[in-house]
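Each remark here refers to the structure printed beneath this line.
What follows draws every value from the coordinates through simple rules; no lab data is involved. None of these values were measured; they are calculated from a predicted model. Here the Cβ is made from the backbone with ideal geometry for all residues, glycine too, and neighbour counts use every protein chain on show.
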Amino acid sequence: MSRQLVINPVTRIEGHAQVHIEIGDDGKVGAATLHVLEFRGFERFVQGMQAELMPTITTRICGTCPHAHHLVAAKCLDAMFSAPPPKAALLLRQLLNCGSMIHSHAIHFFALAGPDLFLGQSSPVAKRNLVGLLEAAPELAKKALRLRSIGQTIVEIVGGRGTHPVTAVAGGMSYALTAQNHDTLKLLAAEALELANVVLVAGKKALLKDPALLTRLPLSTNDMGTLQGKTLDLYDGKLRVRRPDGSVALEFAAADYATHLVEEALPHSYGKQVLLKDASGATQPYRVGPLARLNCAEDTGTPLADAALADFKKACGNPSTQIVAGHWARLVELLHCAEKAVAMLKDDAIRSPEVRTAPGAINRHAVAHVEAPRGVLIHDYKVDQNALIESANFVVATQHNIASINTTIKNAASLLLDKSDTELLDGVEFAIRCYDPCLSCSTHRVGQMPMQINLWQGGQTIRTARR
Amino acid sequence: MAKVTVSFEWLSGCSGCELSIVDLHERLLAVLEEIDIVRLPILMDVKDYPKAALGIVTGALRTHHDVECAKKMRASCDAILAFGTCGVYGGPQGSGYAHAQSELAETAFVKNPTTSTHFVPDQGVPKLLEEGVLPLDAAIPVDLYLPGCPPHAFYVFEALKSVLHGKPPEFGEHNVCFHCDRHMKHTEVSALRRVHEGPVEQDTCFLSQGILCMGSATLDRCRGACPTRGMPCSGCTGPSEAIVLEPNRDIRTEIATRMSMMTKIPKAKITTEIEKQAKTYYAYAMASPVFRQKPTFLLRRWIAQQGAAR
């Protein structure tokens, strides 16, 4: 009997989606696809806007990692107006990025993935959320909330506001660090470092509690992440692609993204997928985000996170093919960002009032990238002689992962096919959340119907099961 | 005391509004003691529409599906709060107002330089509204409005407190200038200047410096985040109370009047510049009838005059 499972919507991910799973006559899972169901049209309607509006208007693509859009747009403007930022501005932008990573990784681990890991997938649906977690593990949940709060406060101090920051401009930052803010940030970063350690230990313990959990969803694929030399860098550097056998396939600058990456529309989804392409036009999937970044990096540049990275690679493999290990990788990055924030705030250069370079000649085309919490984010602008946007192209983190997400859904469904529908659907949602997909970025939205399974045969629904 | 039941729905938006509620930080725990959240798609696995005293809706109407969801919220909630600039005015994607809906999809899917395919997804994806983007009250009656992109936690907390305790909020209807310490002064500046073009005086009003700042025509639900951090206001909360209420007042006339009084730049020149750059200066509330119903407002024509509906 051929049947089709529909999860609608998938909750506890950033954005909205629907999952379709086709089951063939042989009883095996055929295609599995994540359907992204909303479209907003940023690439068209920003045409004609003044280029300097991009760092603030593009933050509205995503409320979860607006900082990444803010920074990558500002990096584009630096190139467009021939204005390399002074050192203090670069430090402040990186601090903003660290704050945003701390916020995003902390909220993901505890509000989105945490309930699965700490309450267990068999806990009641109505309690399997942040509020349930606050009841079951109040101390840990409060620490995680505090960590997210610190991350967001760092962004607010440096970026002017927590969600949708405003201070990164062409040539640097609009606002230098005051002595008072510097002192506050030092205290916050030190506290974040302490909490990040606690959270890493707790997260690792929860992941290792069930020996089968970590190895449940293997996926052997290419990884992509940003490096300076061999060191992880979340703000700038070369993009490295590492093959599943550990060899380096490619290193390239973001400006050459169109040579190496290709987007493909899917008939049933407003989210396009991105694939690697070679000179012959052949394509391959790859993955981005914390797991991919740690798979590409040989070190992190900060000592505590280096030790945590070695521990991670020992337990999960190098490169790790375990999707669930992404939750662990996220916590290693959390520690790295807190450590890096502490280090950058010790550098007196961050207090310099010189935070902005005056613009020079206009370059009509600018491309930049940054590592967003969920992976590589690319902006590409063309402008006219008055610096009005002629065209814009955005390639966002979740798009890179769509092909891998679909394969993981298929694998998860195959493992659970003989289980109850509830277990099957829970397992598939768990698999998707490993990627922390952010669908407002890749254009988002779906229906708000209760989760249901439609069983299809010969084009007709023969049974509908609801959770 | 029984807790107040609250249901959330998320239409076309970015999730920034949801996070602005989490940005209540420690105060969030106090709010959670007074409310019982029965539905919150980003954080909870509940997928139907339970009855609630208060429905908080973020995001604008983009697809036919959004309209259905809005109606289900109205039917299941005693009161509806439109939360954030998207729900109240349409938000940034409201800028799609300047284009045919097919153009938006073609740019992303058919004519995109790094996309190898050339079709618009059409299998089982919700259809876009023919009108483009609409604010929430185009589909359902709305009881309360809290614009802001997103609203600052201060206003979120005050708004929730006032709803929970049945008292009007005490934060007033100020514009962004209320929070800004820059001095308005007469200057000899005779030309408009863009913000990226170089050093900005930190103590002087942007308008005095010839830089367009929307602060005096914009509601303050941000607490003045931009002008207090070296950036002119881009109008993300939407128009000030005066502009909402007075049919003959508009962003461009308000700003041009003030700026021409402080500088040597003629008023007509400023008005024309804002019209020419309508995409930039009406970026957050273009979809709102608040502007469209004004007798002097010709936004689609201004944008079309810039060529290729740019």
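What the phi angles of the stretch A:413-418 give under the Karplus curve with 6.51, -1.76 and 1.60, with θ = phi - 60°, is a coupling list of 5, 4, 5, 10, 4, 8 Hz, glycine and proline written as x.
Less than 5 angstrom separates the built amide H of A:Arg356 from those of A:Met173, all sequence-distant by 5 or more or on a different chain. Using only the Cα atoms of chain B, build the gyration tensor, take square roots of its eigenvalues as a ≥ b ≥ c, and label the shape rounded, prolate or oblate: rounded if a/c is under 1.5, else prolate if a/b is larger than b/c, else oblate. The shape class here is oblate.
Between the Cα long axis of helix B:64-76 and the first principal axis of chain B there is an angle of about 60°, rounded to the nearest 10.
Summed over all non-identical Cα pairs, the Kirkwood treatment of the stretch B:212-291 gives a radius of 12.8 Å.
Compute, for chain B, the length of the dipole vector about the Cα centre, with Cβ point charges of +1 (Lys, Arg) and -1 (Asp, Glu) only. Units Debye, rounded to 20. Walk me through the intermediate numbers first.
Details: 33 positive and 34 negative charges, 197 e Å.
Using only the charged Cβ atoms, the result is roughly 940 debye.
Towards the positive end of the charge dipole of the stretch A:124-257, with charges on Cβ (+1 Lys, Arg; -1 Asp, Glu), say which of A:Pro138, A:Val166, A:Asn181 has the farthest Cα. Going by the Cα projections, it comes out as A:Pro138.
Can you pull out the trypsin sites (Lys or Arg not before Pro) in the stretch A:374-441 whose DSSP state is coil and whose Cβ has at most 12 other Cβ atoms within 10 Å?
Qualifying residues, ordered by number: A:Lys419.
Volume of the convex hull of chain A (Cα atoms only), normalised per residue: 139 Å³. Over the Cα atoms of the stretch A:182-255, the radius of gyration divided by the Kirkwood radius equals 1.12; this is the Rg/Rh ratio.
Working note: Debye formula, equal point scatterers on the alpha-carbon atoms of the stretch A:84-228, no solvent; log10 I(q)/I(0) at q = 0.11, 0.19 Å⁻¹ is -0.54, -1.11.
Ranked from largest, the principal axis spans of the Cα set of the stretch A:45-119 equal 51, 34, 12 Å. What the phi angles of the stretch A:363-368 give under the Karplus curve with 6.51, -1.76 and 1.60, with θ = phi - 60°, is a coupling list of 9, 6, 9, 9, 10, 8 Hz, glycine and proline written as x.
Near B:Lys3, which aspartates and glutamates are there with a Cα under 13 Å away, not counting those fewer than 8 places off in the same chain? Cα-Cα hits under 13 Å: B:Glu33, B:Glu34, B:Asp36. Over the Cα atoms of the stretch B:1-97, the radius of gyration divided by the Kirkwood radius equals 0.97; this is the Rg/Rh ratio.
Summed over qualifying helices (DSSP H, 4 residues or more, each -39500 (n - 2.57)) and divided by its residue number, chain B shows a 222 nm mean residue ellipticity of -8000 deg cm²/dmol.
Across the cross-link table entries B:Lys127/B:Lys276; A:Lys75/B:Lys161; A:Lys143/A:Lys186; A:Lys75/B:Lys267; A:Lys204/B:Lys51; A:Lys186/A:Lys272, which are compared at the Cα atoms, the separations over 29 Å belong to B:Lys127/B:Lys276; A:Lys75/B:Lys161; A:Lys75/B:Lys267; A:Lys204/B:Lys51; A:Lys186/A:Lys272.
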